[in-house]
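Read-outs: derived from the displayed coordinates by stated rules, not from any lab. Source: prediction; values computed, not measured. FYI the Cβ positions are ideal-geometry reconstructions off the backbone, even for glycines, and counts take in every protein chain you see.
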Amino acid sequence: MDELGVNKNLPVLRLNRASTGVSQFDIMLDGGYRNPSTVALIGPGSPEKTVFAFHFVSAGIQAGDKILYITTDRTPDELEKMAGEWGITIRSDAVKYLDCYSLTISAQTPSTAKPNVVQISSPSALNELSLAINEALEQTQGKRLRVVFHSISTLAVHSQQESLFKFLSLVEGRLKNANATTLLLVDEGMHDDKFLTMLKHSVNEEFTIKISEGAKLVASPDLPIEVPIRIGPLGVEVD
């Protein structure tokens, strides 16, 4: 798609963008995250990153995009319940889950029997996860794709750093070729500076949630300013 293409109904928004699901951020980003691209969302172990992911998924469902959600520390049912608590509806039938979590806790949840949930043996099973991603890509039928890794940090805990970055390099290439915008959730406090530097070099866009004097701010080279946010009854709100 033409990099200079714009949405005729909303001329400020570029066509080669995937909405963040938060209107104020879409305006500042000319329509959202780039498409295709890999986006790192880095921050503390608080709910903001997860709520951003829910907004991204919900916007994709509304746009008719395919959704692939890789979960490493929650069951699909838990994720959908969490989204509902923030006023965000995620329809199970609209999301393909690669569930790396349930089998690690021997969870016998209703989601394990759903056709849209693929069970992965553990977050350390990168080859198994890679194959499942390939199979999911074969089912996208040429539609635009949104992918969430929730989270990269959990994969890092269970894998050698070299193996993880090799996995990410291969998978990110496949996803971009499939016209995907991929959101990587990263818990900043779980990684050293070397890991974060390597990760930032591997992605197209990065957004960092910072805490300053009690306020939470989103910073990025792609944003004109550091944006103050809070979590309200409808999810992420810009102050």
So, over other residues within a Cβ distance under 12 Å of residue 95, counting Lys, Arg +1 and Asp, Glu -1, the net charge is 0
Among DSSP beta bridges whose residues both lie in the chain, state the antiparallel percentage, nearest 5. 35
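Per 0.36 nm of contour for each residue apart, how much would the distance between residue 15 and residue 225 grow if the chain were fully extended, relative to their Cα-Cα spacing?
Taking 0.36 nm per residue and subtracting the Cα distance, the gain is 73.3 nm.
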For residue 143 paired with residue 170, estimate the spin-label separation in nm (one decimal), with each label point 7 Å from Cα along the Cα-to-Cβ line. 2.8
Full-stretch length increase - residue 200, residue 239 - with 0.36 nm per residue and alpha-carbon distance subtracted: 11.3 nm
Work out how much length residue 81 to residue 122 would gain on full extension: take 0.36 nm times their residue separation and subtract the Cα-Cα distance, in nm to one decimal. 12.5 nm
Between residue 105 and residue 30, Cβ-based FRET efficiency (R0 35 Å, step 0.05) works out to 0.25
Beyond 29 Å (Cα-Cα) in this structure, taken from 49/166; 166/216; 143/210, we find 166/216; 143/210
Among 67, 105, 225, the residue with the largest mean-square fluctuation in a Gaussian network model of the chain built from Cα contacts under 10 Å is 105
Give me the one-decimal nm value for the distance between modelled label points at residue 93 and residue 192, 7 Å along each residue's Cα-to-Cβ direction. 5.0
Between residue 114 and residue 177, with labels modelled 7 Å along Cα→Cβ, what's the label distance in nm to one decimal, could you check? 3.0
The chain: calculated mean residue ellipticity at 222 nm from DSSP helix runs of at least 4, using -39500 (n - 2.57): -10000 deg cm²/dmol
Give me the net charge of residue 191's neighbourhood, meaning all other residues with Cβ under 15 Å from the Cβ of residue 191; Lys, Arg count +1, Asp, Glu -1. -3
If you line up the Cα atoms of the chain on their principal axes, what length do they span on each, largest first, in Å? 46, 42, 35
Taking the convex hull of the Cα atoms, report for the range 98-216 its projected area averaged over all directions, in nm². 9.0
Note on the range 45-172: alpha-carbon gyration tensor, axes a ≥ b ≥ c; rule is a/c under 1.5 for rounded, else prolate if a/b larger than b/c, else oblate; result rounded
Name the most mobile residue of 132, 59, 156, meaning the one with the largest mean-square fluctuation, in a Gaussian network model of the chain with Cα contacts below 10 Å. 132
GNM of the chain, Cα pairs under 10 angstrom: of 196, 145, 137, the biggest fluctuation goes to 196
Excluding the sites themselves, what is the longest stretch of the chain that contains no trypsin sites (Lys or Arg not before Pro) in a DSSP loop with at most 15 other C-beta atoms within 10 Å? 144-239
